[in-house]
Amino acid sequence: MLVANKSNGDRLSLGEKWKKKDLIGIRSSEKFHCPECGEEVIMKLGSKKSWHFSHLAGGSCEYEYDRESEYHRTGKLALYNWLKKQGINAVLESYDPIMKQKPDIAFEFQNQKYAIEFQCSVIPAEIFEKRTKTYFGHGVIPIWIAAETLIKRKTKNVVGLNNFLYLFSRLHRHNWNIPAFCPISGQFINLHGAIPISARKTITSLEVKSLNQSSVQHLISPAAERFPFMKAWQTENRKLKSQYLRSPGARKNRFLIELYRNRLSLLSLPPVLGLPVHSSPYIETPSFIWQTYLYLDVFRNFKRGDIIYYSRIREAFANRVKKGDIKLRQLPVAGQRDAWHTLAEYVFLLTKLSYLDKIDSGTVRVVKDIVMAASIEDQLKAEAEFFAEHQNKIGHLIFNLT
């Protein structure tokens, strides 16, 4: 850590400009204590690592599970100095006794309080969610910034994201964003949009900017960025289906077993069962799985002209979640939305694609049946025709365009 309390309770921040000889003089006559736990800490003024305070061996500080690395300290200092250069009254490691939390950086901008957490290691989701909820509960907007080392780039628009990184997801004006930072290169890496393919793979747009090219406004209000995702979506979806069939546990896969019992083939499912929607990050299960479950439980039981109550769709979805067939994500930074928005968006998408017709807020009518392809060749042809006709509609709903 970079801040400690002196014996009289005054803060001493190593993030400010100091001469080493002055700090050595202070250290020789002063004891320092952790602002959180009150335990004694040591001031370290080495030449290889940034200056910092460290708990004594065997300490019991609550924050010690997330031991600070040199990478973390360097990044935190860089972000702090970046804010200061913009005239922002930022405070480094300011422990709040009311919230009982110590954000890496606290600052106020346009009469709103913010807390930056530069996270370089994986912490339990429960801790992440608790900190986030506490910030919001005290009128502070948390900005969780992931270390760039946690981001696994696959291709230009495909990134490996695990459930921990999804916790960083935030919504600004309908747009998904995950901010990351690399203190070595001094660059922000913004992940715009989040269109999950699987539990660990996402289609997104990566924007890379140096600190000098960025401002606090960019961090707080990231600009929306539309990108061509449909081709990548189709390619990655096909890959994922093939991986499911080739996996060692395919014969015991509950989803594949259910398809077999219903005389369905994974590779011949129609494209309407496996579509992206804006709120997809709230569901961990791949879209072609949870949407096929809806077909099996609801849509296949109704023909053209039949009425379906939305409550039945919702109940079928909830039952699959309860049985563990559909897994959800908690996205604490994104606000009050949840997986029900994802479900509602998919039903709305089906109305835009003329499969359903909305009668009122709780009722839809079947307009077009969902037809299974007779062969893989027929499915590929149907998929090409489907996306040629509908990809613009899907894109407009993903990016909230009119």
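Derived scalar couplings between HN and Hα for segment 232-249 equal 5, 4, 4, 4, 5, 5, 5, 4, 5, 4, 5, 5, 4, 6, 8, 5, x, x Hz in order, rounded to whole Hz, by the Karplus curve 6.51 cos²θ - 1.76 cosθ + 1.60 (θ = phi - 60°), x for Gly and Pro.
Distant-in-sequence amide contacts of residue 328, defined by a placed amide H-H separation under 5 Å and a gap of 5 or more residues or a different chain, comprise 284. Peptides 371-381, 337-347 ordered by packing proxy, namely the average of other Cβ atoms within 10 Å per residue, highest first: 337-347, 371-381.
Computed 3J(HN,Hα) for segment 112-128, one whole-Hz value per residue from the Karplus formula 6.51 cos²θ - 1.76 cosθ + 1.60 where θ = phi - 60°, is 10, 8, 10, 9, 9, 10, 8, 9, 10, 9, 6, 10, x, 4, 5, 5, 4, glycine and proline marked x. On a per residue basis, segment 311-378 carries 55 Å² of accessible surface, using protein heavy atoms and a 1.4 Å probe. The relative contact order of the chain, computed from alpha carbon pairs under 8 Å that lie at least 6 residues apart in sequence, is 11 percent. Taking every protein chain into account, the 1.4 Å probe leaves residue 244 with about 50 Å² of accessible area, to the nearest ten.
Can you tell me the 0 to 90 degree angle between the C-alpha axis of helix 376-398 and the longest principal axis of the chain, rounded to 10? Between the helix axis and the principal axis of the chain, the angle is about 50 degrees.
Assuming a ≥ b ≥ c are the square roots of the Cα gyration tensor eigenvalues, decide whether segment 239-394 counts as rounded (a/c under 1.5), prolate (otherwise, with a/b larger than b/c) or oblate. Verdict is rounded for segment 239-394. When the solvent-accessible area of segment 226-302 is split by element, carbon and sulfur atoms take up 49 percent of it, the probe being 1.4 Å. As a ratio to 2.2 N^0.38 Å, the alpha-carbon radius of gyration computed for segment 320-394 takes the value 1.40.
If you plug the beta carbon distance of residue 174 and residue 96 into 1/(1 + (r/R0)^6) with R0 = 35 Å, you get a FRET efficiency near 0.65.
Beta bridges from DSSP with both residues in the chain: antiparallel share about 85 percent, rounded to the nearest 5. By how many degrees, between 0 and 90 and to the nearest 10, does the Cα long axis of helix 70-85 differ from the longest principal axis of the chain? Computed tilt is about 80 degrees.
Subtracting the Cα-Cα distance of residue 322 and residue 13 from their residue separation scaled by 0.36 nm leaves 106.3 nm. Take segment 187-287 with all the other protein chains still there, run a 1.4 Å probe, and you get 46 Å² of accessible area per residue. Compute the angle between helix 20-29 and the longest alpha-carbon principal axis of the chain, please, reported from 0 to 90 degrees and rounded to the nearest 10. Roughly 70 degrees between the two axes.
Ignoring everything except DSSP H segments at least 4 long, calculate the 222 nm mean residue ellipticity for the chain; use -39,500 (n - 2.57) per segment, divide by total residues, nearest 500.
Values: 11 runs with 135 residues, N = 402.
The helix-only estimate for the chain comes to -10500 deg cm²/dmol at 222 nm.
The apolar share of the surface of segment 136-216, taken as the fraction of accessible area on carbon and sulfur atoms (1.4 Å probe, ligands and nucleic acids excluded), comes to 49 percent. Peptides 83-89, 315-321 ranked from most to least packed by the mean count of surrounding Cβ atoms within 10 Å: 315-321, 83-89. Over segment 80-126, accessible surface divided per residue gives 50 Å², non-protein components excluded, 1.4 Å probe.
Give, in whole angstrom and from largest to smallest, the semi-axes √(5λ) of the equivalent ellipsoid of the chain, with λ running over the eigenvalues of the Cα gyration tensor.
Values for the chain, descending: 49, 20, 20 Å.
Step through the table entries 209/393; 133/352; 17/113; 21/100; 327/368; 130/252, compare each Cα-Cα distance with 27 Å, and write down the pairs that go over it. The pairs that break the limit, which is 27 Å between Cα atoms, are 209/393; 133/352; 21/100; 327/368; 130/252.
Excluding same-chain neighbours fewer than eight residues apart, the aspartates and glutamates reachable from residue 239 by a Cα-Cα span under 17 Å are 377, 383.
Residue 369 contributes about 50 Å² of solvent-accessible surface, heavy atoms of the protein only, 1.4 Å probe. 3J(HN,Hα) along segment 257-274: 4, 5, 4, 4, 5, 9, 6, 10, 10, 4, 7, 10, 5, x, x, 5, 9, x Hz, from the Karplus curve 6.51 cos²θ - 1.76 cosθ + 1.60 with θ = phi - 60°, whole Hz, x for Gly and Pro. Charged side chains reduced to their Cβ positions (Lys and Arg at +1, Asp and Glu at -1) give the chain a dipole of some 800 debye around its Cα centre.
The values are calculated or read from the model by the stated rules, or taken from the named source; none is laboratory data. Predicted model only: the values in this text are computed from it and were never measured. Virtual Cβ from ideal backbone geometry, glycine too; neighbours counted across all protein chains shown. To get the accessible areas, we keep the full protein, side chains included, count just its heavy atoms, and leave off ligands, DNA and RNA. Shrake-Rupley method; radii C 1.70, N 1.55, O 1.52, S 1.80 Å.
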